[in-house]
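Every number in this text was worked out from the coordinates using simple rules, so none of it is lab data. On a predicted model such as this, the values are computed, not experimentally measured, just so you know. FYI the Cβ positions are ideal-geometry reconstructions off the backbone, even for glycines, and counts take in every protein chain you see.
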Amino acid sequence: MGVSIKEVKKIAKLAKLEFKDEELEKFTLQMNEILDYMEQLSEINTDNVEPLYHVIEPGNVLRNDEVKPSYSREEILKNAPVKSDEFILVPRVIE
Amino acid sequence: MEFEPVIGLEVHAQLKTDSKIFCSCSTRFGSEPNSQTCPVCTGMPGVLPVLNTRVVEFAIKLAITTGSKIAKKSIFARKNYFYPDLPKAYQISQYEEPFCSGGHIEIQANGGWKIINLTRIHLEEDAGKLLHPEDNDTHGKTKIDFNRCGVPLIEIVTEPVITSPNEAYLYLTKLKQLLVYLEICDGNMEEGSLRCDANISIMEKGSEKLGVKTEIKNLNSFRGVEKALEYEFERQKGLILNGEKIIQETLLWDANKNIAIPMRSKEEAHDYRYFPDPDLVPLWIDEKWIDKIKSQIPELPKDKKLRFIKQYGLSDYNAEILTTTKELANYFEETVKYCKDFIKASNWIITEVLKILNEKKIEINDFNVSSKNLGTMLKMIEDGIISGKIAKEVFEYMTLTGKSAEEITKEKGLIQITDLEQISKTIDVVLKQNHNEVLAYIDGKEKLFGFFVGQVMKATKGKANPKIVNEELRKKLNSLK
């Protein structure tokens, strides 16, 4: 197992992050340390063990289909760095 | 070389709930921009999404009716990508262990039924809406409306088993019909309640080797899907015949120009890095829940159609049209409570009623001739109170005024004359006025019979019962011979 610098670069790109070369080297090393640590789990045989997706299982957590008041537009738009009266504005994206 | 297309469709249908899939914001269409959002659907840190029960119930309904196998346990996953319509930078969807798998939808093609197999049906949330106005007030920026974020969607994916663009069209029509019958989606394409992406590859007829597929997006009508697939089939065929290769890519359909343009994407091949969403617990569905929903499923289009053929003696064609929507089917069934001739009633609805609905672009529920009024009018034809010809006139007044046939016939004096004495008198007058023609008739010019009928009808303003007119006229003319 383990990751290469190339893979770390790709992961960074997918996360929209940019790093200098020395940072990339450092993070590759750190990521591999983490992966090595997690690798200890492979020592256990899990052949007949169902994957556990959540610690709270089984049991549904559901709500009824009821509308409750939303936040006001002013409140929601507060977090947008650029906005108009009604919309959040971002640099033009065309598909 | 003869080729045939191999098509698979992915349909996203908006589920008709009041609130969003993971929060209590309203799903109402057409509200003020950004007025239906909260920290959950705008992806603020630290919030907890909670699944809407009705979304699950709707999905169970569709799974039962398509024969799809509902997973005892299904999980939600995060599909990660950056785009301004997605404030969380991930969409909550299902990937491994989806809601259900398998199942099928039947379509009627080439005179028989064909089964379109489904791969899976799963649940997910919708993204926001982006607007790219050319106006100056936003300086060419893109506007974001997050109201649609978190609106519940159900995704229905077929196997690559569709073998013509027209089959794709028929499948979509049937799927929409089913969703609307089940009352889980309003089927409104203009409002984006139904969206479709299509995958297509081609292969030599008789071959089993699948070709390289392309995906077509931006298909906003069922006919558009059909057209785009026809276009792409021809394009791929052209490439192969020229010895060129087909590249796996995504194309955008331009409905105005009728062409598909490759989507330029700066990102390398999508890498969504799906993983189970730790904020959501797995969804558990037991038999008891499925049984409860089963009892709520209405009569489905195909069953209704077969029943109409059997119970009312309708043709396949008439039964198909009358069961297009539940509302139209109900209208027919209500109408025939008041009259006896089911076939005539079905013909009247299909020709006269649907003509007006199409002209006025309205639905049957907005039609101002009630099923009772139509049925009663048809009964008046059956009883010989009005003729079929006059019925058309009466019906026209009914559509204009919403009044009943009885009222209109009374007001307009349109009731059919069945009184033997009155008809007999009119015939006498007509024969007297057309003495020369009578002589010619006696001389053997029997074709003139129709002329006399016409004159009698004219004299009674079309109200005389044609059957009685014919009988009486023949009797009288014969006695003159």
Margin query: Give me the dipole magnitude in Debye, nearest 20, for chain B about the Cα centre, with unit charges on the beta carbon: positive for Lys and Arg, negative for Asp and Glu.
Written below: 1520 debye
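What's the local net charge at B:L480, with K and R +1, D and E -1, over the other residues with C-beta under 14 Å away?
Numbers: positive: B:K432, B:K445, B:R474, B:K475, B:K476, B:K481; negative: B:D428, B:E437, B:D443, B:E446, B:E472.
Net local charge, B:L480 excluded: +1.
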Note to self: Using a 10 Å cut-off around each Cβ of peptide B:273-280, what is the average number of partner chain Cβ atoms that fall inside?
What the structure shows: 2
Margin query: Quick check for me: using +1 on Lys/Arg Cβ and -1 on Asp/Glu Cβ, what's the dipole size of the protein assembly as shown about its Cα centre, in debye to the nearest 20?
Written below: 2720 debye
Next item on the list: Can you tell me the alpha carbon radius of gyration of the protein assembly as shown divided by the globular rule-of-thumb value 2.2 N^0.38 Å?
Entry: 1.35
Margin query: Under 18 Å between alpha carbons, and skipping anything fewer than 8 positions from B:K114 in its own chain: which aspartates and glutamates qualify?
Written below: B:E4, B:E106, B:E159, B:E167, B:E226, B:D303, B:D316, B:E320
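Determine the dipole magnitude for the range B:301-412: charges of +1 sit on the beta-carbon of Lys and Arg, -1 on that of Asp and Glu, nothing else is charged, the reference point is the Cα centre, and the result goes in debye to the nearest 20.
With only Lys, Arg, Asp and Glu charged at Cβ, the dipole is about 220 debye.
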Notebook entry, point to check: Once Lys and Arg get +1 and Asp and Glu get -1 on their Cβ, which of B:F342, B:T17, B:F275 lies farthest toward the positive end of the dipole of the protein assembly as shown?
Noted result: B:F342
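What is the mean number of Cβ atoms from other protein chains located within 10 Å of the Cβ atom of each residue in peptide A:81-88, rounded to a whole number? Working shown, then result.
Numbers: counts 0, 3, 5, 5, 3, 6, 13, 12.
Per residue, the average neighbour count from other chains is 6.
Rounded, prolate or oblate: pick one for the range B:231-362, where a ≥ b ≥ c are the square roots of the eigenvalues of its C-alpha gyration tensor, a/c under 1.5 means rounded, and failing that, prolate if a/b is larger than b/c, else oblate.
On the way: a/c = 3.02, a/b = 1.51, b/c = 2.00.
It is oblate, given that a/c is not under 1.5 and a/b is not larger than b/c.
Partner chain Cβ atoms within 10 Å, averaged over the residues of B:31-43 - can you pull that number for me? Each step should come with its number before you reach the end.
Working: counts 1, 2, 6, 13, 6, 6, 7, 6, 4, 1, 3, 6, 0.
Rounded to a whole number, the mean comes out at 5.
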Next item on the list: Could you please rank B:K410, B:K174, placing first whichever residue has the fewest other Cβ atoms within 10 Å of its Cβ?
Entry: B:K410, B:K174
Notebook entry, point to check: How many lysine pairs are close in chain A, with Cα atoms under 18 Å apart and the two 8 or more places apart or on different chains?
Noted result: 8
Notebook entry, point to check: In the neighborhood of A:L24, defined by Cβ-to-Cβ distances under 13 Å, what is the net charge if each Lys or Arg adds +1 and each Asp or Glu adds -1?
Noted result: 0
Margin query: Among B:P45, B:I202, B:G140, whose Cα projects farthest towards the positive end of the dipole of the protein assembly as shown, with charges put on the beta-carbon of Lys, Arg (+1) and Asp, Glu (-1)?
Written below: B:I202
Next item on the list: Enumerate the aspartates and glutamates that B:K447 could reach by cross-link, defined here as Cα to Cα under 14 Å, with residues fewer than 8 away along the same chain left out.
Entry: B:E437
Check: Taking B:K360 as the anchor, which aspartates and glutamates have their alpha carbon closer than 20 Å to its alpha carbon, excluding any fewer than eight residues away along the same chain?
Finding: B:E190, B:E327, B:E352, B:E393, B:E396
Note to self: Angle check, please: helix A:5-14 long axis (alpha carbons) against the longest principal axis of chain A (alpha carbons), in degrees 0 to 90, nearest 10.
What the structure shows: 20 degrees
Margin query: If you fit an axis through the alpha-carbon atoms of helix B:466-480 and take the longest principal axis of the Cα set of chain B, what angle between them do you get, 0 to 90°, nearest 10?
Written below: 30 degrees
Notebook entry, point to check: Binning every alpha carbon pair distance of the range B:3-292 at 5 Å from zero, what are the percents per bin?
Noted result: 1, 5, 11, 15, 17, 17, 15, 10, 6, 3, 1, 0
Item checked: Lys/Arg +1, Asp/Glu -1 at C-beta; chain B dipole; positive extreme among B:I105, B:T351, B:I415 -> B:I415
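Over all directions, how big on average is the projection of the convex hull of the alpha-carbon atoms in the range B:301-412, in square nanometres? Mind showing how you got there, number by number?
Values: hull surface 25.5 nm².
Reported value for the Cα convex hull: 6.4 nm².
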